[in-house]
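Asker: This is the structure I have questions about; it appears just below.
The values are calculated or read from the model by the stated rules, or taken from the named source; none is laboratory data. What you see is a predicted model; the values in this text were computed from it and never measured. Note that we place each Cβ from the backbone using ideal geometry, even for glycine, and neighbour counts take in every protein chain shown. Accessible surface areas use protein heavy atoms only, side chains included; no ligands, DNA or RNA. Shrake-Rupley method; radii C 1.70, N 1.55, O 1.52, S 1.80 Å.
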Amino acid sequence: MSPRRSAFIDIGTNAVLCLIADLRDTGRFRVLDDLAEIAGLGRGVDRSGLIDAAGEQRCLETLERYRAHCQNLGVDEIIAVGTSALRDARNSAEVRARLQQRLGFEIRVISGVEEAAYSFLAVQRGLSLAGELLVIDIGGGSTEFILGNRDGVALAVSVDVGSVRLTERFLHSDPVRAEEIAAMNHAIEQELKPLLDRFDNFKTALTLVGIAGTFTTLSAVEKRLEKYVHAEVHGSCLSLAEVRRQIRLFSECSLAERQRIVGLEAKRADVIFAGACLIERILNLFGADSVVVSDQGVRYGLLHERAQRL
């Protein structure tokens, strides 16, 4: 049987990702392309509760480029999902209807628990790690915590805290002010506090795995990657000391200065400080001095699920 060429699109609060692969009925696959763009669909949603016209247009333009690329590659099917911004926005249904009409493919909104399950599946299949894992998926609007092992997910929790949401709520100065940082860190700790009771019995035996753009960006900055290289980032180890070093670096820079840091995509420069602070607080909470970085998230979970069904 000839392979089925499929595209898997993850529409997040900040980034839109597109994975294109050939799938065989044996469950094996070959990745043809893995694309990422910062569209900022969910910017302002935390404040207004609505996806604005500018965010919708940026997302549409990104998705139109992905669709054209898929057509050029002869893709047979496009599977697209939306996460936090499309879950939270009051006008999500209208926005999705317009996008679907223009694009010609369905966009399914997944719950925080579904998002967590796809993320865990991606890590489970994409990294050779034994024992109990805690997968942490930091997005623009939410963060998922997924506990599990080779038998699957034991516990999944989604928290409404992410790099875009934190930036919009607390960081209004350039460079950021000490009082803004203190208020943000206090809010992070309050949001994370309920996790203590749910994960406390597992803390000492866990391997932490971080996925999505905040973790991969910090790894790329540490390695001074002028161009992102999957093999350099995926499976790398990010230490708490390095996270703290970058927090100091970002806090001392203006936005324009951050945009020039090697390894940091310019469109992510405005939200990376909040994301780094969130990582630090998470590592502190779980008493961890490092985290394994994966650049395979929800889109890879969708791929593995689809491959299992062939």
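Asker: Go over the candidates ALA85, ALA36 one by one and state the one that is modelled with pLDDT under 95, of a type outside the set (D, E, K, R) and assigned to a strand (DSSP E or B).
Answerer: ALA36
Asker: Scan the stretch 184-202 and give yes if some residue there is basic (Lys, Arg), closer than 27 Å to LYS267 by Cβ and under 22 Å from the mean Cα position of the chain (by Cα), otherwise no.
Answerer: no
Asker: What is the residue count in the stretch 176-195 for residues that are open to solvent by less than 60 Å² (accessible area, probe 1.4 Å), out of contact with any strand residue (DSSP E or B) (no Cβ under 9 Å at 6 or more places or on another chain) and in contact (Cβ under 8 Å) with a residue 60 or more places away in the chain?
Answerer: Final tally of qualifying residues: 5.
Asker: On to the next question. Every residue in the stretch 260-284 that is open to solvent by 30 Å² or more (accessible area, probe 1.4 Å) and more than 22 Å from GLU37 (Cβ to Cβ), please.
Answerer: ARG281, ASN284
Asker: Now for a separate question. Run down ASP10, ASP46 and say which single residue is acidic (Asp, Glu), under 30 Å from GLU168 (Cα atoms), at pLDDT below 95 and surrounded by 14 or more Cβ atoms within 10 Å (Cβ to Cβ).
Answerer: ASP46
Asker: Can you say whether LEU19 is in contact with a Ser or Thr (Cβ under 7 Å, 6 or more places away or on another chain) and open to solvent by less than 20 Å² (accessible area, probe 1.4 Å), as far as the supplied structure shows? Working first, answer last.
Answerer: Values: in contact with a Ser or Thr (Cβ under 7 Å, 6 or more places away or on another chain): no; open to solvent by less than 20 Å² (accessible area, probe 1.4 Å): yes.
Judged against the criteria, LEU19 is not a match.
Asker: Still on this structure: Within the group ASP25, ASP52, which residue is open to solvent by 20 Å² or more (accessible area, probe 1.4 Å) and touching a residue at least 12 places away in the same chain (Cβ under 8 Å)?
Answerer: ASP25
Asker: Moving on to the next point. Hey, which of the helices (runs of 4 or more DSSP H) in the stretch 184-293, taking only ones fully inside, have at least 2 residues that are over 27 Å from GLY126 (Cβ atoms)?
Answerer: In the stretch 184-293, 195-199, 240-252, 255-258 are the helices (runs of 4 or more DSSP H) which contain 2 or more residues that are over 27 Å from GLY126 (Cβ atoms).
Asker: With a cut-off of at least 3 residues that are closer than 28 Å to ALA274 by Cα, name the strands (runs of 3 or more DSSP E) lying wholly within the stretch 95-164.
Answerer: 132-138, 143-149, 152-159
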